[in-house]
Amino acid sequence: MIDKIVKEIEKYDASYIDVRYVIRGKSSSIVLKDGKLEEISSGYSKGIAVRVLYKNGWGFAKSYNLESYKELIEKAYRIAKISNEYSTKEVRLKEYKAVKDSYKVVGKVDPNSIDISEKIEIVKDCYETLLNEKIKSASVSYTDGFSKGVFINSEGSVIESEKSLFILTMNCVGRENGNLQYSGERIGGFNFEKIYDYKKKATECKERVLRLLKAKPCPKGEFLVVLDPELAGVFIHEAVGHASEADLVLQNDSVFKDKLGEEVGSDYVTIIDNPNIEESFGFYKYDSEGVKGEETVIIEKGVLKSYLHSRETAGRMDMELTGNGRSEGLNKPLVRMSNTYIKPGDWTFEELIEDTKNGIYMVGSRGGQVDTGKGVFQFSAVEAFKIENGEITENYRDAGISGEILSILKKIDAVTKDFKLSVGYCGKNGQSVPVGDGGGYVRTRITIS
């Protein structure tokens with residue numbers, strides 16, 4: 001089929017064409033909530049997507065019928081020609097040499113090789129571990145996917161790949177005297193062996209909620225704050241990573257616009273996006289445009305060094321490719337992160353707490369909001385602790401942080417040598433892709449809201 005598609009592509013006078021298709025896709029999903037098994041499903045899928053660039057116009061078409069590639073190329077070509085007539089901007093793809101490669105991203109134990117009955121038992125046991133008389137709601141969900149696909153473009157690239165990934169998510173809500181508290185945990189990756197930590201994770205999840213039911217509300221105001229790798233990672237991903245996506249920069253929706261080479265943080269701040277971390281949730285060898293994933297230093301010792309790029313944004317801005325053109329399934333590639341983190345520093349966690357005579361230690365993330373254009377954010381932590389005379393003491397609940405992105409980056413004065421990445425999915429324009437975020441423990445001065 002590869003040779004047939006290559007020959008078909010050669011018939012067209014387009015500026016650029018790429019074809020992505022999934023020969024065999026397999027997935028399973030299990031959801032158990034409040035004692036009810038809400039979903040058990042597994043399925044197979046295949047499909048094909050075509051992008052055509054004709055001068056300054058893009059055309060896109062996709063189908064679940066692999067044999068329809070001729071019709072799809074023709075359709076995308078016609079759309080591209082029409083689009084070109086109405087285009088108001090020049091489209092120039094950054095040049096990239098052709099790649100011919102074949103690779104697998106499959107862990108030591110492939111989730112695809114495990115029978116669904118074992119996955120169901122894990123979900124049930126995880127759910128049972130979450131239960132307690134004070135836990136009023138609990139849920140566990142499991143999802144995995146396997147795909148075997150091919151990328152072909154008009155420049156001579158042919159990349160064959162096999163990928164497998166899973167994620168187990170658990171949540172519980174406790175209630176006592178009208179006080180509701182939440183906690184959640186995730187396990188994910190390419191190697192199914194990781195899932196067997198589920199009992200430990202579920203126990204931690206439950207015990208955190210029980211602690212929070214007895215905790216005091218977190219004090220408000222500006223404090224010296226230590227963020228754990230999960231909450232620091234969410235800040236790095238949401239507030240810094242998205243603001244560094246070149247499509248948002250070009251849309252005037254980034255606080256980093258026109259700031260390359262400028263100081264945007266303290267000397268302690270080096271932020272990296274890197275898809276090459278083995279076993280990480282955001283790992284990939286090539287992006288959805290056939291560009292090799294690269295370690296990209298976004299900020300180096302406080303100075304903004306690079307944006308994240310697709311071939312189109314790199315071409316428009318005349319910058320180096322970073323390999324961040326990613327898509328969910330067979331959708332259009334967008335500028336997306338991979339594993340985004342703050343580079344570890346020299347401190348140990350114990351040294352950092354001891355040096356923080358009075359402050360707040362914040363743990364975990366419950367999500368939040370960010371405006372990349374205005375450069376402001378608000379995130380909620382799962383729990384917090386008082387730091388008093390260099391020791392962690394009182395437990396707090398209902399803690400959140402807010403402020404201006406650039407202000408917080410410039411106030412970071414310590415990062416530990418730890419390196420931890422969380423697992424999750426990032427949403428953008430209706431698409432969701434696997435990512436990692438984190439780094440070490442980070443200290444900054446910030447408003448607790």
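Observations on the structure shown:
- The number of residues in the range 277-287 that are farther than 16 Å from ASN191 by Cα and either outside the structural domain of LEU321 (by TED's automatic domain parsing) or touching an Asp or Glu at 6+ places or on another chain (Cβ under 9 Å) (or both) comes to 2.
- In the range 342-376, the residues that are touching a residue at least 24 places away in the same chain (Cβ under 8 Å), more than 23 Å from ARG208 (Cβ to Cβ) and under 18 Å from the mean Cα position of the chain (by Cα): ILE342, LYS343, VAL370, THR372
- Residue that is nearest to ILE408 (Cα to Cα), among those in the range 251-281 that are within 18 Å of the chain's Cα centre (by Cα) and among the hydrophobic types (A, V, I, L, M, F, W, C): ILE271
For (1) under 30 Å from LYS214 (Cα atoms); (2) assigned to a strand (DSSP E or B), each residue gets a yes or a no:
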residue: TYR396; (1), (2): yes, yes
residue: SER407; (1), (2): no, no
residue: LYS410; (1), (2): no, no
residue: VAL415; (1), (2): no, yes
residue: CYS426; (1), (2): no, yes
residue: SER432; (1), (2): no, yes
residue: GLY438; (1), (2): yes, yes
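- The condition of being in contact with a Leu (Cβ under 9 Å, 6 or more places away or on another chain), within 25 Å of SER280 (Cα to Cα) and of a type in the set (Asp, Glu) holds for only one of ASP398, ASP346, ASP437, ASP418, that being ASP437.
- Residues of the range 105-124 that are loosely packed, with under 14 Cβ neighbours inside 10 Å and either in contact (Cβ under 8 Å) with a residue 40 or more places away in the chain or of a type outside the set (S, T, N, Q) (or both): LYS108, SER113, ASP115, GLU118, GLU121.
- Scanning the range 7-46 for residues that are outside any strand (DSSP E or B) and among the small types (Gly, Ala, Ser) returns ALA14, SER15, GLY35.
- Filter result for LEU260 (farther than 30 Å from ASP110 by Cβ, at pLDDT 95 or above and either of a type in the set (Asp, Glu) or in a helix (DSSP H, G or I) (or both)): no
- Single match in SER161, SER154, SER183 (criterion: hydroxyl-bearing (Ser, Thr, Tyr), outside the structural domain of SER365 (by TED's automatic domain parsing) and either crowded, with 19+ Cβ neighbours inside 10 Å or within 22 Å of VAL31 (Cβ to Cβ) (or both)): SER183
- The C-beta contact set for the range 193-209 (first residue more than 15 Å from ASP125 (Cβ to Cβ), second residue assigned to a helix (DSSP H, G or I), distance under 7 angstrom, 6+ apart or interchain) is empty.
- Flag if ILE23 is modelled with pLDDT of 95 or more, in the same structural domain as GLY145 (by TED's automatic domain parsing) and in contact with a Lys or Arg (Cβ under 8 Å, 6 or more places away or on another chain): no
- Pairs where the first residue, in the range 54-68, is under 19 Å from ILE2 (Cα atoms) and the second is surrounded by 17 or more Cβ atoms within 10 Å (Cβ to Cβ) and among the aliphatic types (A, V, I, L, M), C-beta under 6 Å, 6+ apart: ALA61/VAL50; ALA61/LEU72; ALA61/ALA76; LYS62/ALA49; LYS62/LEU330; SER63/ILE48; SER63/LEU72; LEU66/ILE48
- Within the range 268-302, tally of residues that are free of Cβ contacts under 8 Å to residues at least 60 places away in the same chain, in a strand (DSSP E or B) and either surrounded by 21 or more Cβ atoms within 10 Å (Cβ to Cβ) or not β-branched (Val, Ile, Thr) (or both): 3
- Counting only residues that are surrounded by fewer than 24 Cβ atoms within 10 Å (Cβ to Cβ) and assigned to a loop (DSSP other than H, G, I, E, B), the range 304-328 holds 8 of them.
The values are calculated or read from the model by the stated rules, or taken from the named source; none is laboratory data. All values reported here derive from a predicted model rather than from experimental measurement. In this analysis, Cβ positions are derived from the backbone assuming ideal geometry, glycine residues included, and neighbour counts consider all displayed protein chains.
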